[in-house]
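Engineer: Got a structure for you, questions after.
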Amino acid sequence: MKPAAITSLFLSCCSAAARAAAVSASNHELRIPTSYESAILGRRILALTPLGTISTVFPADKNDDDLSEQENRPSGLGGMPYGLMEYVADCEDDDLGNPTILAITIGTTFKNVAAGSNVSLAVQWTPPHPPAKRIESNAKRSWFSYLGLSSNGDEEVEEQYHKRTHYHRIALPYSAANLPRFSLIGHLEPIEGGDDRKGEVGSKLAKCFVKSHPDAKYWLPGNRIHESHFVRLAVEQIYWVGGFGDRAFIGWIPVEEWQNVTREEWQKVRLPGEKKGWKEWSAPGDL
Ligand SMILES: *[C@@H]1O[C@H](CO)[C@@H](O)[C@H](O)[C@H]1NC(C)=O
Ligand SMILES: *[C@@H]1O[C@H](CO)[C@@H](O)[C@H](O)[C@H]1NC(C)=O
């Protein structure tokens, strides 16, 4: 895209304050990262982020569906999407950027997969430190309003809510729209030897997964409570939104690029907010 096109795209979406800041930022040189550079950032996010939202699709209704009997599933869900937070990790030695997931057989996500669903995994970057310098906003908004529950003038309800819950009127400490997020699209497949905790592959996977998720030690493969299996999300497509389009790449990352990123490459880069004292309007990470 030409800079003018990018600027107009950006201007059409944002507040006057954001526009002013964008103009002042554009006096410094802004270079939009390539899809490969974005893949490097994405692989780092995957390595550092233990949670994601996995979406699947419910199978068509069947009268003899004993699953729906077991969980009292309503009818009419066939073809509907279903997204839920799941634990993820990046544990495989091949370093191809296929997330590692501990599939619990009775989980709805994994029932949908067993019934043939493909999956997408949505991951967002959450900075460990708030920015030292923020994008200005005129409106002081509360968490409440982010939940879509407030307050077009209904201050009283909001006030009572805050009294009850001791919540304070705080906004998100950073601009989430300005930060990278992505969706990995593909299918789940078993990892050979992954469930054998005495074997080399299985013991390594368990160790790595529990490092990100200490509580998951209770439902590792072979536990006595739930049937579980280590699976990989075999990534087929990647959609990336690096932040605002005047400074970040937005679009599809070729899967070969995603897989080509080396550990050395993603270990070298830094994401926005990994270091203290960052400015929200600076470039999307140190490449
Ligand atoms: C899953 O995706 C593949 C393409 O990768 C497609 O061929 C298949 O039909 C999809 N499965 C379902 C159940 O939609
Ligand atoms: C991936 O890496 C291989 C080997 O270095 C290279 O030949 C290929 O062009 C790369 N592909 C992409 C899409 O980056």
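Engineer: For region 79-93, enumerate the residues that are modelled with pLDDT of 95 or more and either of a type in the set (A, V, I, L, M) or surrounded by fewer than 16 Cβ atoms within 10 Å (Cβ to Cβ) (or both). Before the answer, list the steps.
Structural biologist: Just the residues of region 79-93 that are modelled with pLDDT of 95 or more, to begin with: 79-92.
Across region 79-93, the qualifying residues are Gly79, Met80, Pro81, Tyr82, Gly83, Leu84, Met85, Val88, Ala89.
Engineer: Answer yes if at least one residue in region 226-238 is outside any strand (DSSP E or B) and more than 16 Å from ligand 2 (Cβ to nearest atom), and no otherwise. First the steps, then the outcome.
Structural biologist: Step one: filter region 226-238 for residues outside any strand (DSSP E or B), giving 226-227.
Those left that are additionally more than 16 Å from ligand 2 (Cβ to nearest atom): 226-227.
Within region 226-238, one or more residues are outside any strand (DSSP E or B) and more than 16 Å from ligand 2 (Cβ to nearest atom).
Engineer: Quick one: which of Val269, Val201, Val235 is in contact with a Phe, Trp or Tyr (Cβ under 9 Å, 6 or more places away or on another chain) and over 20 Å from Ile104 (Cβ atoms)?
Structural biologist: After applying the criteria, what remains is Val235.
Engineer: Could you tell me which residue of region 202-249 is surrounded by the fewest Cβ atoms within 10 Å (Cβ to Cβ), considering only residues that are under 30 Å from Lys279 (Cβ atoms) and at pLDDT 95 or above?
Structural biologist: Among those residues, the one meeting the criterion is Tyr239.
Engineer: Hey, another quick one. Kindly indicate the residue of region 94-140 that is among the charged types (D, E, K, R) and touching a residue at least 12 places away in the same chain (Cβ under 8 Å) and also surrounded by the most Cβ atoms within 10 Å (Cβ to Cβ) among those meeting that condition.
Structural biologist: Lys111
Engineer: Shifting gears a bit: Could you list all residues from region 80-123 that are part of a loop (DSSP other than H, G, I, E, B), over 20 Å from Pro221 (Cα atoms) and either more than 14 Å from ligand 1 (Cβ to nearest atom) or not assigned by TED's automatic domain parsing to the domain that holds Ile45 (or both)?
Structural biologist: Across region 80-123, the qualifying residues are Asp94, Asp95, Leu96, Gly97.
Engineer: Residues of region 233-258 being over 18 Å from the mean Cα position of the chain (by Cα) and either free of Cβ contacts under 8 Å to residues at least 12 places away in the same chain or closer than 18 Å to Ala47 by Cβ (or both), which ones?
Structural biologist: Glu256, Glu257
The values are calculated or read from the model by the stated rules, or taken from the named source; none is laboratory data. Just so we're clear, the structure is a prediction, and the values are computed from it rather than from any experiment. Heads up, the Cβs are rebuilt from the backbone with ideal geometry, glycines too, and the neighbour counts pull from every protein chain shown.
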